[in-house]
Amino acid sequence: MANWSDPRIGAAQPAPATTAGRDVAYDAGLRSYMLSVYNYMTSGILLTGVVALLFSQWDGAPAILFGPGLLKYLIIFSPLAFVLVLSFGINRLSTGTAQLLFWAFSVVMGLSMASIFFVYTNTSIATTFFATAAAFASLSLYGYTTKRDLSGMGTFLIMGVVGLIVAMVLNLFLQSSALQMAISAIGVLLFAGLTAYDTQRIKNMYAYVAGTDMMGKAVIMGALSLYLDFINMFTFLLQFLGGRE
């Protein structure tokens, strides 16, 4: 005979403890993973800023950054070399080597970005930095929390970046101020979109690397992606908000 007086009858039963436990462990692991990504990214940006500021205060910096010679081009193109090595060689690198390359990249990026201190006022650089930080935080939070699948944006945004690079190279010869402003506006929008897209992509990547040897490398590559989004958005935004020296 059914026990109709039992309050458990017909009530929603709790999920098995093992399933709930797995969900809690997954969420905790995801938070730790994303926190590591943001810590690396933030530390890299701060290192870049410190190196850029210190290098700009050296008396010999203007001659290197704006004068003739191969050293200027070495400083300009070295960050790209580090990005290519990390992007295409990450599977063959150890986690320790990937971390070392990330810090080295942050340093050479600082040397490359020191030139902004000779072009823009310190006040406008600081203002643009905090504006970029606020925008980045909002966009990254959206990418992390939204239920909308942003993967469809990826191809469009990457194609946009390729087109942007082509336009920048073209403008090296045209020297058009109007085209430069258009490039800056499009650049801000593209890297704003990439910030949300990359955040969601990095979050989703955790499901594939959790508990594997790739976890540490995924953290570095995630930090590198967000670092590049932040720096590029800052650089393009600086061309709008930056006050000239």
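Below, the figures for the structure above:
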| item | result |
| --- | --- |
| On Cα atoms only, tilt of 177-209 relative to the major axis of the chain in degrees | 30 |
| Contact order normalised by residue count of the chain, Cα under 8 Å, 6+ apart, percent | 30 |
| Estimated [θ] at 222 nm from DSSP helical runs (n ≥ 4, -39500 (n - 2.57)) normalised by residues in the chain, nearest 500 | -28000 deg cm²/dmol |
| nm² value of the averaged projected area, convex hull over the Cα atoms of the range 131-223 | 7.4 |
| Cα-based helix-to-principal-axis angle, 70-89 vs the chain, degrees rounded to 10 | 20 |
| Cut-off under 5 Å, modelled amide H: who pairs with Y120 long-range | E245 |
| Where Rh is the Kirkwood radius over Cα pairs, Rg/Rh for the chain | 1.12 |
| Quarter of Cα convex hull surface for the range 39-182, i.e. mean projection, nm² | 11.3 |
| Ordering of 97-108, 75-86 by packing [mean C-beta count within 10 Å, highest first] | 97-108, 75-86 |
| Reachable lysines, given that their alpha-carbon falls under 22 Å from the alpha-carbon of K203 and they are not under 8 places away in the same chain | K147, K217 |
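The numbers here are math on the coordinates, done by the rules we state, and not lab data. Keep in mind that this is a model prediction, so the values were computed, not measured. FYI the Cβ positions are ideal-geometry reconstructions off the backbone, even for glycines, and counts take in every protein chain you see.
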